[in-house]
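The values are calculated or read from the model by the stated rules, or taken from the named source; none is laboratory data. Since we're looking at a predicted model, the values are computed, not measured. Positions of Cβ are backbone-derived with ideal geometry, glycine not excepted, and every protein chain shown enters the neighbour counts. These accessible areas exclude ligands, DNA and RNA; they are computed on the full protein's heavy atoms, side chains included. Shrake-Rupley method; radii C 1.70, N 1.55, O 1.52, S 1.80 Å.
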Amino acid sequence: MVGINFLNYMDRWVAASASPLIQKEFSLSDALIGLLGSAFLLVYAVAALPFGYWADRGVRRTVVAVGVTIWSLATLFTGFSRNFFQLFVSRAILGIGEASYYPAGTSLLSDYFPKSQRGRVMSIWGAGSTLGIAVGFAGGGYIADKFGWRNAFFFAALPGILFAILAFAMREPLRGSVEERGHAVSETKDATVRTFLNLMRIPTLRATILSQTFLFFVLASNAFWLPTLLQRRFDVSLSQAGLISGGVLVLGGLIGTLAGGWIADRLGRSSPAAYLQVGIAGFLIGAVFIVISLVAPLNVGPIPVFIPAFLIAVICLYLYSGPFTAVSQNVVSPALRASSVTMLLFVSHVFGDSHSTFDVGFLSDRIGLQTTLLITSPTLLIVAAIIAATGLRSVKGDTMAMEDEWAKRPAQPAPASAV
């Protein structure tokens, strides 16, 4: 599961490290190169709807395996693109494949591990995405610089075929098999259009989804444009920009993701609100340090300034990952956990980051990349913190309501194929 999550994000972000060379070859503006990121994210959000429905009503390991196959082939064909249209289509198809994994994968993990461990488990799982981003940036940037940008996509695509085969052999647990109360069931038919829409009536889930909508704008726009920003501000090479970006993202992302899950599980023993509080603190502190990093020089004499400031910002922004994922699963029935993730993906990507790379590119063509990020990043992080805080009063009640509802569900016999 961690390996697939690694590939999920590596295939997604290798385009960011290769974007300066793609931009040069096809003579693209910042707005158009940003549109490639938007194409992926928008399709990703919409495609999550059928995949999330399938994951809640079907075999989740099959959903995962099919998705990995689609996104790996899409990444492969990106390397064969000969014009902007082909690039656009291949990155859009990538979104179809990757939309399968997060809903089905989150639901699987929630049935592998109990509530008391989910913060840490989701953080370890999320660490795979952080490593994927780093390798996509650093490895993709190095290969693109030394061997051409097309080879960077070939490098990212090939491991996915192997992991797709392995995914078909994963264990499919019964739904609700590790809940403290209630029976495990082999299948459910709870996922409908009505129950899907009603998920936004759960206050805690609504708070986490809307908060992440604003956060995702910041994360996607900064990650996508970071190599370009480094090249323009500090006049470093493509491989150096990819190495710095990847190094900061992997170290900061790993520390923040793992620390956030551990802290939340520890504090959450006495108060479930701790899962939200950890993320809120990260958003606010991160807003301060992202401003510092965007205005700071690379070094002051021999002392590095930009990298430590941006590292602290990344650590803070990734504290939310495990805790928010865990609490969003804790307040939703095991029969609808893939649907809850689907709602998150749809809302946060359609309204959050699907247009963020294009928006920043559009504004960058007019007022400059650095100024654009300075305006958007801290402002939206503060908004994300305020919205997340609206769930603090409801999280305990929503968790108990879910457990009461699931405890009333009758038992089902487990078919042989489910274990």
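Just one of the listed residues (Leu41, Leu32, Leu87) is hydrophobic (A, V, I, L, M, F, W, C), under 24 Å from Ala164 (Cα atoms) and modelled with pLDDT of 85 or more, namely Leu87. Among residues of the stretch 116-148 being open to solvent by 10 Å² or more (accessible area, probe 1.4 Å) and more than 21 Å from the chain's Cα centre (by Cα), the one that is nearest to Gly279 (Cα to Cα) is Ser116. Taking first residues from the stretch 227-251 that are in contact (Cβ under 8 Å) with a residue 40 or more places away in the chain and partners that are surrounded by fewer than 22 Cβ atoms within 10 Å (Cβ to Cβ) and assigned to a loop (DSSP other than H, G, I, E, B), the Cβ contacts under 8 Å between residues at least 6 apart in sequence or on separate chains come to Gln231/Ser237; Arg233/Leu298; Phe234/Leu298; Ile244/Val236. Considering the stretch 76-89 alone, what residues qualify as being in a helix (DSSP H, G or I) and either of a type in the set (D, E, K, R) or open to solvent by less than 10 Å² (accessible area, probe 1.4 Å) (or both)? Those that are in a helix (DSSP H, G or I) and either of a type in the set (D, E, K, R) or open to solvent by less than 10 Å² (accessible area, probe 1.4 Å) (or both): Thr78, Leu87.
Report whether or not Val236 is within 21 Å of the chain's Cα centre (by Cα) and β-branched (Val, Ile, Thr). Considered against the rule, which asks whether it is within 21 Å of the chain's Cα centre (by Cα) and β-branched (Val, Ile, Thr), Val236 comes out as no.
Screening Leu73 against (1) open to solvent by less than 50 Å² (accessible area, probe 1.4 Å); (2) in contact (Cβ under 8 Å) with a residue 60 or more places away in the chain; (3) touching a helix residue (DSSP H, G or I) at 6+ places or on another chain (Cβ under 8 Å) leaves a single unmet condition, (1).
What are the residue pairs meeting all of these: first residue in the stretch 158-172, first residue under 14 Å from Gly67 (Cα atoms), second residue among the polar types (S, T, N, Q), Cβ atoms under 6 Å, and 6 or more apart or on different chains? Final answer for the pair search is Gly160/Ser72; Ile161/Ser72; Ala164/Thr69. Is there a residue in the stretch 228-248 that is out of contact with any strand residue (DSSP E or B) (no Cβ under 8 Å at 6 or more places or on another chain), under 25 Å from Ala388 (Cβ atoms) and not hydroxyl-bearing (Ser, Thr, Tyr)? Yes, the stretch 228-248 contains a residue that is out of contact with any strand residue (DSSP E or B) (no Cβ under 8 Å at 6 or more places or on another chain), under 25 Å from Ala388 (Cβ atoms) and not hydroxyl-bearing (Ser, Thr, Tyr). Of the helices (runs of 4 or more DSSP H) that lie entirely inside the stretch 196-315, those containing 3 or more residues that are crowded, with 23+ Cβ neighbours inside 10 Å and in contact with a Ser or Thr (Cβ under 7 Å, 6 or more places away or on another chain) span 203-234, 238-267. Being in contact (Cβ under 8 Å) with a residue 24 or more places away in the chain, under 30 Å from Ala389 (Cα atoms), in a helix (DSSP H, G or I) and not basic (Lys, Arg) is true of Gly322.
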